[in-house]
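Scroll down for the structure; my scribbles are underneath it.
The values are calculated or read from the model by the stated rules, or taken from the named source; none is laboratory data. Every value quoted in this text rests on a predicted model; they were computed, and no experiment measured them. Every residue, glycine among them, receives a Cβ derived from its backbone with ideal geometry; neighbour counts consider all protein chains shown. When the accessible area is computed, the model is the full protein with side chains, heavy atoms only, and any ligands, DNA or RNA have been set aside. Shrake-Rupley method; radii C 1.70, N 1.55, O 1.52, S 1.80 Å.
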Amino acid sequence: MSKVANDIPLVWAGPMLRRLTPKRLCLWLATSEPVELKLQLQPEQGEPLEFEVKQLQPFVQQLQLAGKLYLYFLDLELHEALPTERWISYDLQLKTSTGDWQNWRQWADDLVYPGRDLPGFILKPKVHSVLHGSCRKPHFGAGDGLVRADQQLLETSPAQWPSLLMLSGDQVYTDDVAAPTLYAIHQLIAKLDFADEALPCSTLSSAHELHSKTPFYYQREKLLPATEASYQVLKQLFQGAKKPVFTTDSAHNHLISMAEVFSMYLLVWSPAPWQGLDLQMPEGLLSSFSPARQKRCATYTQNLEEFKAGLGQVRRLMAHLPVAMMFDDHDITDDWNLTAEWEKTAYEHPFSRRIIGNALMGYLLFQGWGNAPEKVQKLVPLCQQALNRPGTEIHDECINSLLKFSEWHYSWPTQPPLLVLDTRTQRWRSELSMEKPSGLMDWESITELQQQLLGHEAVLLVSPAPVFGVKLIETIQRIFTSFGKPLMVDAENWMTHPGSAYALLNLFRHPKTPRNFIILSGDVHYSFVFQVALKHKQQSPSIWQITSSGLKNEFPHRLLAILDTANRWLYASRSPLNWFTKRRRMKITHHRPIGETKGRRLVNSAGIGLLELTPEGVPCKIQQLCADGDTVSFELEKGDDELTQDYSL
């Protein structure tokens with residue numbers, strides 16, 4: 001792999017394909033120095049299209065994030081449409097400071113698939129299949145679903161590749177960072193040469209001190225001064241709520257600075273930034289940890305070594321499939337905007353507001369930019385101003401604009417259309433109590449969604465949290481919420497807020513609603529398939545809830561087995577427990593994963609979902625491609641049981 005001065009790779013991450021249409025190509029790239037770009041597109045059995053530096057300049061944006069970190073976003077508009085359903089290779093070349101031109105062979109020699117001379121893609125606006133998943137925690141002790149997705153492409157011809165890769169949340173975990181990961185982040189920060197960032201209302205004055213002298217491993221709550229306002233932030237952001245039912249994750253290593261957030265993104269998407277980094281923490285540092293924590297660090301280090309080994313395949317996958325993304329809470333912070341009280345506490349304190357703002361800036365620059373560039377374009381110059389003067393009022397003004405922004409949701413013009421929901425920043429806040437969970441979308445955003453649905457026969461709807469979830473788990477969440485403890489059980493489901501639940505379910509009953517709904521979700525760390533029909537309605541739409549989670553995360557296995565079995569017994573169609581809830585009379589069919597233990601409905605295995613569609617937009621194959629190499633298919637011809645459940649209140 002080609003290097004530039006001081007053993008620094010020329011390309012940190014990418015190229016990554018983002019939004020692609022026959023007349024538009026979006027591509028993202030991170031480099032260590034300023035470069036000039038030229039591009040050649042070569043459709044199979046067609047004439048090449050060549051774009052020299054001057055031709056590309058109007059379509060290329062450059063942002064300097066650090067002394068040795070530059071982002072390039074190419075949003076190329078084409079006068080003539082590219083062919084569909086045909087292989088198109090692309091040759092992206094970079095001109096370095098020495099005047100040399102380099103292509104993929106110099107800066108990513110494992111970027112192409114065997115038998116190919118160049119990376120490429122196939123435009124498939126008519127969606128016949130989709131890869132989808134969420135929740136990718138680098139230090140978790142399981143394989144990587146994105147590596148399995150790359151293996152799927154390797155083993156199939158490009159003509160059979162999915163139309164796109166949908167990542168529906170928690171692409172990074174800013175709030176749950178293993179100490180070896182944070183140690184690697186700080187080593188990378190030193191290479192990237194970030195400008196210092198002043199930290200407001202903190203016991204440390206600058207990010208440089210945080211990155212080097214006093215990194216506060218597992219002690220980041222000590223950065224807050226001893227005030228009542230700081231104590232409230234500490235409870236919600238750093239200590240994390242104790243969650244005995246679902247998870248015991250904490251946030252003692254929460255990422256704070258822009259440099260930490262940006263470095264994390266590079267380390268989860270590419271092998272290049274890992275060159276020269278050491279995951280083995282110094283003995284002097286390890287000795288300050290408890291024996292139990294030292295043992296966990298050893299396990300995390302081993303898990304991260306395995307994670308690193310697959311990053312070349314992850315980079316290759318993203319260079320060949322268009323990638324759509326949407327944030328969930330861990331991309332920013334755990335339980336982000338869960339309640340109105342959470343928002344008030346987090347946004348009124350300058351330190352927590354900065355942490356959230358830096359993570360949101362990371363999402364914009366590394367994820368959101370390629371989803372709908374025309375929507376976020378006005379935010380990009382504000383980010384560059386903040387990057388030029390980190391820690392100043394300009395930085396805070398940029399964060400204010402990011403937090404006020406209401407256009408993170410987007411659609412892609414596929415057939416059926418891909419509609420991706422923002423269920424984090426358009427919350428319907430409870431009118432009863434600031435401590436009750438907010439609705440995942442407010443009235444205005446649901447009304448806008450309804451207008452987008454009109455006139456379509458089918459739709460791919462992406463909701464990071466499942467619209468139709470496991471009834472028992474949602475009931476547990478409701479019980480904890482009734483005692484004022486929504487944070488303890490991640491009460492993040494559509495049905496916790498009556499207003500948003502009614503509005504969303506009425507959307508399915510609209511006379512002009514699509515006949516075929518496919519809802520893709522993640523978030524929950526297990527996978528399942530439900531089919532929903534509305535009772536007492538002629539020609540009910542066909543509604544499929546398809547959940548795949550996590551890419552590199554799993555639910556506690558024994559606990560999920562208990563919940564799965566209990567849900568089947570407690571909420572069967574004739575169960576008296578169903579009589580105590582108001583209902584919308586829905587027939588919920590649970591589709592069985594083939595080969596699982598009799599009665600099991602939930603798949604608990606890290607991996608990625610693969611959905612295949614008929615020309616009418618109806619699922620004809622649903623699989624969970626497990627990271628360990630197994631494949632779990634769901635029975636679609638019939639369901640094992642039919643439950644009449646409450647999905648309104």
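At a glance:
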quantity	calculated
Hits in segment 433-453 - residues which are open to solvent by 50 Å² or more (accessible area, probe 1.4 Å) and at pLDDT below 90	M434, E435, K436
One residue from R424, R429 being in contact with a helix residue (DSSP H, G or I) (Cβ under 6 Å, 6 or more places away or on another chain) and either closer than 23 Å to P466 by Cβ or in contact (Cβ under 8 Å) with a residue 60 or more places away in the chain (or both)	R429
Wholly enclosed helices (runs of 4 or more DSSP H) of segment 141-215 bearing at least 1 residues within 18 Å of G67 (Cα to Cα), small (G, A, S) and open to solvent by 10 Å² or more (accessible area, probe 1.4 Å)	179-192
Complete set of residues in segment 87-115 that are of a type in the set (D, E, K, R) and open to solvent by 80 Å² or more (accessible area, probe 1.4 Å)	D100, R105, D109
Residues of segment 16-37 classified as open to solvent by 10 Å² or more (accessible area, probe 1.4 Å), over 23 Å from G99 (Cβ atoms) and either at pLDDT below 95 or not hydroxyl-bearing (S, T, Y) (or both), total	5
Subset of segment 602-616 that is of a type outside the set (V, I, T) and assigned to a loop (DSSP other than H, G, I, E, B) - its residue that is nearest to the chain's Cα centre (by Cα)	A606
Total residues in segment 113-140, condition farther than 26 Å from I332 by Cβ and part of a strand (DSSP E or B)	5
Test: residue in segment 38-56 that is touching a residue at least 60 places away in the same chain (Cβ under 8 Å), touching an Asp or Glu at 6+ places or on another chain (Cβ under 9 Å), over 30 Å from L267 (Cα atoms) and in a strand (DSSP E or B)	yes
Close pairs (6 angstrom Cβ cut-off, 6 or more residues apart or separate chains): on the phi > 0 side of the Ramachandran plot in segment 149-177, surrounded by fewer than 24 Cβ atoms within 10 Å (Cβ to Cβ) and among the charged types (D, E, K, R) anywhere	G169/D328; D170/D328
Of the criteria (1) part of a loop (DSSP other than H, G, I, E, B); (2) farther than 30 Å from I519 by Cα; (3) modelled with pLDDT under 90, which one V245 fails	(2)
Residues within segment 517-558 that are assigned to a loop (DSSP other than H, G, I, E, B), under 30 Å from I332 (Cβ atoms) and charged (D, E, K, R), tallied	2
Helices (runs of 4 or more DSSP H) enclosed by segment 309-425 - at least 1 residues per element that are open to solvent by 40 Å² or more (accessible area, probe 1.4 Å) and at pLDDT below 95	340-348, 350-366
Qualifying positions in segment 401-420 - within 17 Å of C383 (Cα to Cα) and either among the acidic types (D, E) or in contact (Cβ under 8 Å) with a residue 40 or more places away in the chain (or both)	L402, L403, E407, W408
Subset tally (residues that are touching a helix residue (DSSP H, G or I) at 6+ places or on another chain (Cβ under 8 Å) and of a type in the set (A, V, I, L, M, F, W, C)) for segment 51-96	11
Count of residues meeting criterion [of a type outside the set (A, V, I, L, M), in a loop (DSSP other than H, G, I, E, B) and modelled with pLDDT of 95 or more] in segment 618-647	3
